[in-house]
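Let me begin by presenting the structure, written as structure tokens, before commenting on it.
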Amino acid sequence: MSGRGSGPGAGGLLTAAKKVKMGKKLERVMKGDRSATSATSHDTSDVDGNKSPEPYSCTGDFEADYTELCNRAGLMEIPKVVPRPHRPGPPPPPDPKSATPMSQRESCKSARSTRMEKVEEPTSPVPSEQEEPPPTTYTTSDKFDYFKPKVQVELEKPEDKKSMTEVYIRGWKVDQKYIDIFKQCFPAADKLHTIDFWNVGLTDNTLAQFAAVASQCLNLRTVKLDGNPVPGEGFHQLIGEDSMIVSMSLRSCKITDKGAELIGKALSTAKTRNQSLCALNLNSNMITDAGACYIANGLRMNRTLLVLSIANNAIGDEAAKKFGEVLSRFSLTHEEVVERRKVLSEKGAPDVRRSPISRRAESRDRPGSQSSRSQLDKSMAKSGRASSKAKKDKKEDDKKGKGKDDKWKKEPQRGASKANSLGFTSELQTETLGKASKGKGRQSGGKKGQGAGSITEAETPDILEIINPLLEEAERVDGELLIPGNRALINLNISRNRIGEAGLKSLLKGIQYQITLTTLGSRSGGTGLMRLSVQKNSFPLNHESYLKMQELMMTRDPLYKPPSKTPDEESTSQATGS
């Protein structure tokens, strides 16, 4: 009985034991797998943590580079890159083939009359009038989308993403993260020539880094940083001696006399000067007489700046007198006199326009000594002997039949003598005249009866020499050395300031001096002011000096058109002419 009863029970126990053993094995396997996976994941995490991401090289596609760099920087919200909106163009002219308004009215009247006649017939529903098209003078956008930060770009070719020429950012803060991104994006854009950051919250650090980025953009010519007050006022970093920026606008940047001093020194000093900036806008700042005097001093040795606006500041008579002095003529400081002597000594006698004797006699800096004159006489005698010997050799060559070839070979010497009288260096003579003789000699080779010398002398263009302001003709008056003032500036805007009658008279005197030099034919330093804006200052509009200034400047304005004569005036002029 017991054996029969124990058989099935023993089998059940064995199966249960086997299941327990299998369960333990499975648990061990699962634990091993978990530990292995944790170990492998730990190893991979260590490898990923030690491995640094590869640096990104910009391709020139600003939108793609900017988006990728923003993602790498971990920015959550990335301002979109959108094309800059433009004002819509004028609507197309009406099609002459379409119905005129009168014909439309007549058709409407005829339709009404037919409806009155056919009262019995069921009237058809009148078609609704067409909706009025939206206005074409502006574009509309969603109100929430309008206030979102954007990067507006201008493309030279809309289909070419690498042809970005202008960048506009308005009204959102450009912090250190975005400056780091722009450091890589902007230099890669080869055609970028304009950057406009309006009210972007620049700081001293970001401004300095932006100036470094601007120096790396080879084609950047226009920079606008309006509405960015910076505590350190380091805007002068953008217009250093090696800067290539042509136009810069700093409106409403709260620039004080401190920033104006730095900008004035960046324009020019006795030893350095900016040679690229042509337009500078300092409108609506906090510049007083002291700061404006620094800017006027910057115009003493600067002959590149053409347009200057310092309107809506706090400038008075003292600064206006300084501008009038710089525009007419001014005395050199001790540092400028020393630098002038250095430049004259480095330039040497062959590069001076006049002969050394006349230069010393006219400048009155130092009388010529007897020994130097004797050496000049000896050199002139040697040159005379050399010229006579050359004439004899030329006659002998003409007798032997070699005159035609030698005449062609020696042709640049005639132009060289002309260049010597203008004051060019020997290297410049050979370079320019050699090119002229090559290009024009081929054209004139087939013509008969014309010598090469006559063609070269007649067709060689006049090459104007850029004169250093320190090398201009000076005049000694009461122990001071005076040189002509700045005549390169053609547009000056000092309106909406505090200039009174004394400052107005000084400006008038400077304009009269420039006009006198122009009438005498002296255009080596420029034409002088063509536009001067002095309205809304502390003097009445009917002031005698102001009226006289307006009369003088009216004819100097390049856009000036004289009033047309009446028939009576034309008849009287013809009568007086006859």
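Checking each residue in segment 207-240 for being in a loop (DSSP other than H, G, I, E, B), open to solvent by 20 Å² or more (accessible area, probe 1.4 Å) and among the polar types (S, T, N, Q) picks out only Asn219. In segment 553-563, of all residues being open to solvent by less than 50 Å² (accessible area, probe 1.4 Å) and out of contact with any Ser or Thr (no Cβ under 9 Å at 6 or more places or on another chain), the one that is nearest to Ser328 (Cα to Cα) corresponds to Met553.
Taken over segment 42-81, residues that are open to solvent by 70 Å² or more (accessible area, probe 1.4 Å) and either at pLDDT 85 or above or assigned to a helix (DSSP H, G or I) (or both) amount to 14.
Matching residues to (1) surrounded by fewer than 19 Cβ atoms within 10 Å (Cβ to Cβ); (2) in contact with a helix residue (DSSP H, G or I) (Cβ under 9 Å, 6 or more places away or on another chain):
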position	(1), (2)
Leu471	yes, yes
Glu475	yes, yes
Glu480	yes, no
Ile483	no, yes
Asn497	no, yes
Glu501	yes, yes
Ser506	no, yes
Lys509	yes, yes
Gln512	yes, yes
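Checking the structure you have, find out if any residue of segment 158-179 is within 13 Å of the chain's Cα centre (by Cα), surrounded by 15 or more Cβ atoms within 10 Å (Cβ to Cβ) and not in a strand (DSSP E or B). No: segment 158-179 contains no residue that is within 13 Å of the chain's Cα centre (by Cα), surrounded by 15 or more Cβ atoms within 10 Å (Cβ to Cβ) and not in a strand (DSSP E or B).
Listed by first and then second residue, the pairs with beta-carbon distance under 8 Å, at least 6 apart or on different chains, first residue in segment 281-310 and under 17 Å from Leu507 (Cβ atoms) and acidic (Asp, Glu), second open to solvent by less than 10 Å² (accessible area, probe 1.4 Å) and not in a loop (DSSP other than H, G, I, E, B), are Asp289/Ala319. The set of residues in segment 241-251 being surrounded by 17 or more Cβ atoms within 10 Å (Cβ to Cβ), part of a loop (DSSP other than H, G, I, E, B), at pLDDT 95 or above and of a type outside the set (Lys, Arg) consists of Ile245, Leu250. Can you find even one residue in segment 531-541 that is loosely packed, with under 12 Cβ neighbours inside 10 Å and assigned to a loop (DSSP other than H, G, I, E, B)? Checked segment 531-541: at least one residue is loosely packed, with under 12 Cβ neighbours inside 10 Å and assigned to a loop (DSSP other than H, G, I, E, B).
Each residue in segment 502-530 was checked for being free of Cβ contacts under 8 Å to residues at least 40 places away in the same chain, part of a loop (DSSP other than H, G, I, E, B) and touching a strand residue (DSSP E or B) at 6+ places or on another chain (Cβ under 9 Å), and 1 pass.
The values are calculated or read from the model by the stated rules, or taken from the named source; none is laboratory data. Keep in mind that what you see is a predicted model, and the values were worked out from it rather than measured. Cβ: placed from backbone, ideal geometry, glycine included. Neighbour counts: every protein chain shown. Heavy atoms of the whole protein, side chains included, go into the accessibility calculation; ligands, DNA and RNA do not. Shrake-Rupley method; radii C 1.70, N 1.55, O 1.52, S 1.80 Å.
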